[in-house]
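Asker: This is the structure I want to talk about, given as structure tokens.
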Amino acid sequence: MHFTEYILPLITLVSLEIILGIDNVIFISILADKLPKEQRNKLRQLGIGLAMIMRLVLLTLISWIMKLDQSLFTIMDVDISGKDLILLAGGVFLLYKSTREIYLKSEEEHHGYEDAAERKKVTFRDMLVQILLLDIVFSIDSIITAVGMVSHLWIMYTAVVISVGIMLFASKPISEFISKHPSFKVLALCFLLIIGISLIGEGLDFHIPKGYIYFSMAFAFFVDFIQMKTVKSKKLPGA
């Protein structure tokens, strides 16, 4: 077995799947935070587990998935494919969810209301359906990206299983951290907002390099983390 032929593509694809899965984990974490504590871990595990199953099933339908990349019609010199329609729908959905959550966080709580999700009695099923809808978008985008990187189907299967396993392990601490720190939750929502814009851009053949998005958000999280530590140190006795 040659390292460059099998292992290196596997490591590269696993890394890419984890990076592409960060937004999915953040979205699931924010939705899970709306539920009672005893249901949050179940929603995270079920949501990420279903994402893995969806990716594995889509890999078996790889020939059909690749047909989604074929142009269906043209609008203002822009070719629109089945994949583009899915990305556009996912982007609009993500824009709606993130802007609505930012509004609820910044406005309704500011006026002294209780948590909006508790007042409206959001159910476990509602949250799971929303996760599944976004899983479809991220899964199709992930599969088409993977096909363009590697030619062996078993490498794609292995990469999906490994990356999802890592995300399952990381989802709980990420969710708890976001839940404990409101400023990070707003940043996470802004991150999802940018991802939604990115999906719409891709659907219209305007590609925004994901590296720019992830770097800018990582820098914003880093700055907020430093600010949080600075404020905390000032509150300590004798500081």
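What follows is calculated from the coordinates using simple rules that are stated; it is not laboratory data. Every value quoted in this text rests on a predicted model; they were computed, and no experiment measured them. Note: ideal-geometry Cβ built from the backbone for every residue, glycine included; neighbour counts use all protein chains shown.
Asker: I'd like to compare 24-31, 91-98, 175-182, 135-142: which one has the highest average count of other Cβ atoms within 10 Å, and what's the full order after that?
Answerer: Working: 24-31: 24.0, 91-98: 18.4, 175-182: 15.4, 135-142: 21.2.
So the peptides 24-31, 91-98, 175-182, 135-142, ranked by packing, come out 24-31, 135-142, 91-98, 175-182.
Asker: Can I ask one more? If you place +1 on the Cβ of every Lys and Arg and -1 on the Cβ of every Asp and Glu, how big does the dipole about the Cα centre of the chain come out, in debye to the nearest 20?
Answerer: So the dipole magnitude of the chain works out to roughly 1020 debye.
Asker: If you don't mind, another one. Collect residues whose amide H, placed 1.01 Å from N in the peptide plane, falls under 5 Å from the amide H of Ser81; neighbours closer than 5 in sequence don't count.
Answerer: The answer is Leu72.
Asker: What does the net charge come to around Leu204 if you take all other residues with beta carbon closer than 14 Å to its beta carbon, with K and R at +1 and D and E at -1?
Answerer: -4
Asker: Nearest 20 debye, what's the magnitude of the dipole of the range 118-215 about its Cα centre given +1 on Lys and Arg Cβ and -1 on Asp and Glu Cβ?
Answerer: Computed charge dipole of the range 118-215: roughly 480 debye.
Asker: Hey, fewest Cβ within 10 Å first, where do Glu202, Glu101 land in order? Present the calculation step by step, with values, prior to reporting the outcome.
Answerer: Working: Glu202 19, Glu101 23.
The order, fewest Cβ neighbours first, is Glu202, Glu101.
Asker: Now a separate question. Excluding Ser81 itself, calculate the net charge of residues whose Cβ lies under 10 Å from the Cβ of Ser81, where each Lys or Arg counts +1 and each Asp or Glu counts -1. Could the numbers behind the result be given before it?
Answerer: Numbers: positive: Lys67, Lys83; negative: Asp69, Asp79, Asp84, Asp205.
Combined, the nearby Lys, Arg, Asp and Glu give -2.
Asker: Find out how many positive minus negative residues lie around Asp141, taking Lys and Arg as positive, Asp and Glu as negative, among other residues whose Cβ is under 12 Å from that of Asp141.
Answerer: Values: positive: Arg55, Lys83, Lys210; negative: Glu17, Asp23, Asp69, Asp84, Asp135, Glu202.
The answer is -3.
Asker: Describe numerically, in nm with one decimal, the distance between label points set 7 Å from Cα along Cα→Cβ at Phe206 and at Val92.
Answerer: 1.6 nm
Asker: Okay, moving on. Over the range 139-239, what is the relative contact order in whole percent, taking alpha-carbon pairs under 8 Å and six or more residues apart?
Answerer: Relative CO of the range 139-239 lands at 17 percent.
Asker: Let me ask something additional. Under a point spin-label approximation (7 Å from Cα along Cα-to-Cβ), what is the Asp126-Gln45 distance to one decimal in nm?
Answerer: Roughly 2.5 nm, to one decimal.
Asker: Still on this structure: In the structure displayed, which of Lys83/Lys185; Lys185/Lys210; Lys97/Lys185; Lys42/Lys229; Lys37/Lys97; Lys42/Lys83 lie more than 24 Å apart, Cα to Cα?
Answerer: Lys83/Lys185; Lys42/Lys229; Lys42/Lys83
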